[in-house]
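The values are calculated or read from the model by the stated rules, or taken from the named source; none is laboratory data. From a predicted model like this one, the values you see are computed outputs, not experimental measurements. Using ideal geometry, Cβ is built from the backbone for each residue, glycine included, and neighbour counts are taken over all protein chains shown. The accessibility values were calculated without ligands, DNA or RNA, using every heavy atom of the protein model including side chains. Shrake-Rupley method; radii C 1.70, N 1.55, O 1.52, S 1.80 Å.
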Amino acid sequence: MHPMLNIAVRAARRAGTIISRSMARLDTVQVEAKGPRDYVSNVDREAESAIIETLLKAYPDHQIMAEESGNVGTSAFVWIIDPLDGTTNFLHAYPQFAVSIALAVKGTVEQAVIYDPIRDELFTASRGGGAQLNERRLRVSKCRLLDNALLATGFPIRDEKMIDPYLKSFATFLHRTDGVRRAGSASLDLAYVAAGRLDGYWEYGLHAWDIAAGALMVQEAGGLVGTIGEREELLKDGNIVAASPKIYDEMRAILLAAPLQ
Ligand code: IPD
Ligand code: CA
Ligand code: CA
């Protein structure tokens, strides 16, 4: 394993321990609203501090881009961190959330970890080195037809004007596939596409920390990832489609045919 990925795994496991211990005493967790349907808790913050401490101990000159504490430092090496992806699920004891850590070098994501502390599933990827789940090699599904696909999505619930246009493509996917799931953790949705548990995934309005690790995971497992629209820079765009190669173009065409603006 690449030494930087190894450190990221250590950081993700530390955060995972903090999160899973806190699950046992959810009634003591302190929660604040950051915006409509957007929460942060002391557990998000504690997990993030543990990750940053672990990373900076090994690489004090690297830059941090973390969801809760923002940007620290300037470097060609940037750690992109979502300490708890799926906070709403966590706060409801709905067991679908993860720690997501990616390392971008000169703007390209090179290493990725997504850790589900409930199932003890560790997804890792290195650019050019493939993707693994608990050290077993991952491949995306062999799905050939959208009609046989199981998809996942996230709802654009924080920007209400997006909901009605979003529902147009959502309806098309309901008619055209075997099913659509909305589990509430973008990083795990992407990890599941990489693992072949899902055939495709799309969502609008995400941040770099939601998708940086998962996008590399899907690509390294043989899948395709892109933006929905003209902008090419995925981490800045935040509107993502990811899928097995045979259904990717059709999924993207359906999404482009029902633009949100
Ligand atoms: C959220 C989750 C969710 C997605 C939201 C994200 P958070 O992340 O990934 O699945 O639909 O858009 O913001 O806020 O729990 O880290
Ligand atoms: Ca997130
Ligand atoms: Ca988060």
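On inspection, residue 78 qualifies as modelled with pLDDT of 95 or more, assigned to a strand (DSSP E or B) and away from ligand 2 (no atom under 14 Å from the Cβ). Scanning the range 81-88 turns up no residue that is outside the structural domain of residue 235 (by TED's automatic domain parsing), out of contact with any Gly (no Cβ under 7 Å at 6 or more places or on another chain) and away from ligand 2 (no atom under 14 Å from the Cβ).
Considering only the range 44-68, state which residues are small (Gly, Ala, Ser), in contact (Cβ under 8 Å) with a residue 24 or more places away in the chain and within 16 Å of ligand 3 (Cβ to nearest atom). Listed by number, the residues that qualify are 47, 50, 66. Among the residues making up the range 44-71, a single one is part of a loop (DSSP other than H, G, I, E, B) and among the small types (Gly, Ala, Ser): 69. Got a sec? Which of 38, 44, 85 is under 21 Å from residue 134 (Cβ atoms) and open to solvent by less than 60 Å² (accessible area, probe 1.4 Å)? After ruling out the rest, the residue left standing is 85. The set of residues from the range 133-149 being open to solvent by 50 Å² or more (accessible area, probe 1.4 Å), in contact with a strand residue (DSSP E or B) (Cβ under 9 Å, 6 or more places away or on another chain) and not basic (Lys, Arg) comprises 134, 135. Here the condition is being closer than 30 Å to residue 70 by Cβ, out of contact with any Lys or Arg (no Cβ under 9 Å at 6 or more places or on another chain) and more than 16 Å from ligand 2 (Cβ to nearest atom); of 166, 204, it holds for 166 alone. Residues in the range 87-130 that are hydrophobic (A, V, I, L, M, F, W, C), in a strand (DSSP E or B) and over 17 Å from residue 152 (Cβ atoms): 99, 101, 102, 103, 104, 105, 109, 112, 113, 122, 125.
For the range 67-90, a residue qualifies if it is under 21 Å from the mean Cα position of the chain (by Cα), away from ligand 1 (no atom under 11 Å from the Cβ) and among the hydrophobic types (A, V, I, L, M, F, W, C), and the qualifying residues are 77, 78, 79, 80. Is at least one residue of the range 92-107 assigned by TED's automatic domain parsing to the domain that holds residue 44, polar (S, T, N, Q) and within 14 Å of ligand 3 (Cβ to nearest atom)? Checked against the condition, which is being assigned by TED's automatic domain parsing to the domain that holds residue 44, polar (S, T, N, Q) and within 14 Å of ligand 3 (Cβ to nearest atom), the range 92-107 yields at least one hit.
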